[in-house]
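Participant: I have a structure I would like to understand better, so I am pasting it below and will then ask my questions one at a time.
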Amino acid sequence: MCRILIIHYSMYGHIYKMAEAVAEGVNEVAGCEAIIKRVPETLPDEVLGMMGALDAQKGMAHIPVATVDDLAEADAVIFGTPTRFGNMCGQMRQFLDATGGLWMKGALVGKPASVFCSSATQHGGQESTILSFHTTLLHQGMVVVGLPYSFAGQMGVTEITGCSPYGASTITGGQGERMPSDNELAGARYQGAHVARIALKLKQ
């Protein structure tokens, strides 16, 4: 069985919704299994409450918290992060900064890796977030996988939507009022299946 780890951070649930769609895509590929985990929270409950995120966080408490060793054990890793000023969120950055031991051992070299994300607005840094995330993956020697144009949903101009050749993405709205659209979820599913097929070929 090819194990595809989907590791993410989701403050209000948007990225978790996308992660579920990515997992659906992975599980569509025979011989592949999706495993969803979250990176550790770094904010105290008091701060999360002030941000209106405490209830959402409690609703995702059942998702296992990842360790850096989970990255080494997976056959491929798909990362999900909200955008913070055109870059990954601090929780994800702190998690990745703890992977120096894996880098020293070359534990992630040759593993497929991919990224999906969210931003509040249509031009809020989705592409820069994914592209800057790739820098860390390349330092780890991972094989970067995007969302190819064979996913036709990123070619349309009839609706506001996320997704780019760098990875699936969603637009949340300034108050988090917009959940992922059908097209964005379709992009996430496509990305999951795409990564799974590549991981399966590399494992064989």
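The values are calculated or read from the model by the stated rules, or taken from the named source; none is laboratory data. Keep in mind that this is a model prediction, so the values were computed, not measured. Note: ideal-geometry Cβ built from the backbone for every residue, glycine included; neighbour counts use all protein chains shown.
Participant: Among the residues of the stretch 186-202, are any touching a residue at least 12 places away in the same chain (Cβ under 8 Å), of a type in the set (D, E, K, R) and out of contact with any Ser or Thr (no Cβ under 9 Å at 6 or more places or on another chain)?
Facilitator: Restricting attention to the stretch 186-202, the residues satisfying the condition of being touching a residue at least 12 places away in the same chain (Cβ under 8 Å) are 186-200, 202.
Keeping just the survivors that are of a type in the set (D, E, K, R) gives 189, 197.
Now narrow it down to the ones that are out of contact with any Ser or Thr (no Cβ under 9 Å at 6 or more places or on another chain): 189, 197.
Yes, there is a match, as at least one residue in the stretch 186-202 is touching a residue at least 12 places away in the same chain (Cβ under 8 Å), of a type in the set (D, E, K, R) and out of contact with any Ser or Thr (no Cβ under 9 Å at 6 or more places or on another chain).
Participant: I'd like the residue in the stretch 54-68 that is in contact (Cβ under 8 Å) with a residue 24 or more places away in the chain and more than 23 Å from residue 96 (Cα to Cα) and, out of all such residues, is surrounded by the most Cβ atoms within 10 Å (Cβ to Cβ).
Facilitator: Once the filter is applied, the top-ranked residue is 56.
Participant: While we're on this one: Taking only pairs six or more apart or across chains, which ones have beta-carbon atoms under 6 Å, a first residue in the stretch 26-52 that is under 15 Å from residue 76 (Cα atoms), and a second residue that is loosely packed, with under 12 Cβ neighbours inside 10 Å and at pLDDT 95 or above?
Facilitator: Pairs that qualify, where the first residue is under 15 Å from residue 76 (Cα atoms) and the partner is loosely packed, with under 12 Cβ neighbours inside 10 Å and at pLDDT 95 or above, are 37/64.
Participant: Moving on. Residues 115, 157, 144: which one is modelled with pLDDT under 95 and β-branched (Val, Ile, Thr)?
Facilitator: None of the others qualify; the one that does is 157.
Participant: Go through the stretch 101-132 residue by residue and tally those that are among the charged types (D, E, K, R) and either touching a Lys or Arg at 6+ places or on another chain (Cβ under 8 Å) or buried (at least 18 other Cβ atoms within 10 Å of the Cβ) (or both). Lay out the reasoning, then the answer.
Facilitator: Going residue by residue through the stretch 101-132, those that are among the charged types (D, E, K, R) are 105, 111, 127.
With the extra rule that they be either touching a Lys or Arg at 6+ places or on another chain (Cβ under 8 Å) or buried (at least 18 other Cβ atoms within 10 Å of the Cβ) (or both), the set shrinks to 111, 127.
Number of matching residues: 2.
Participant: Related question: Out of 6, 15, 63, which single residue is under 23 Å from residue 169 (Cβ atoms) and part of a loop (DSSP other than H, G, I, E, B)?
Facilitator: One residue alone meets the criteria, 63.
Participant: Which condition does residue 47 not pass, out of (1) assigned to a loop (DSSP other than H, G, I, E, B); (2) among the hydrophobic types (A, V, I, L, M, F, W, C); (3) out of contact with any strand residue (DSSP E or B) (no Cβ under 8 Å at 6 or more places or on another chain), if it passes all the others?
Facilitator: In the conditions (1) assigned to a loop (DSSP other than H, G, I, E, B); (2) among the hydrophobic types (A, V, I, L, M, F, W, C); (3) out of contact with any strand residue (DSSP E or B) (no Cβ under 8 Å at 6 or more places or on another chain), residue 47 misses (1) alone.
For (1) among the aromatic types (Phe, Trp, Tyr); (2) closer than 20 Å to residue 133 by Cβ; (3) in contact with a helix residue (DSSP H, G or I) (Cβ under 7 Å, 6 or more places away or on another chain); (4) at pLDDT below 95, each residue gets a yes or a no:
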position	(1), (2), (3), (4)
25	no, yes, yes, no
30	no, no, no, no
36	no, yes, yes, no
48	no, no, yes, yes
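Participant: Separate question: Cβ-Cβ below 6 Å, separation at least six or inter-chain, first residue in the stretch 1-25 and within 12 Å of residue 60 (Cα to Cα), second surrounded by fewer than 23 Cβ atoms within 10 Å (Cβ to Cβ) and among the hydroxyl-bearing types (Ser, Thr, Tyr): which pairs?
Facilitator: Matching pairs, first to second residue: 10/16.
One line per residue, one yes/no per condition, for (1) among the aliphatic types (A, V, I, L, M); (2) within 11 Å of the chain's Cα centre (by Cα):
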residue	(1), (2)
1	yes, no
6	yes, yes
20	no, yes
25	no, no
35	yes, no
38	no, yes
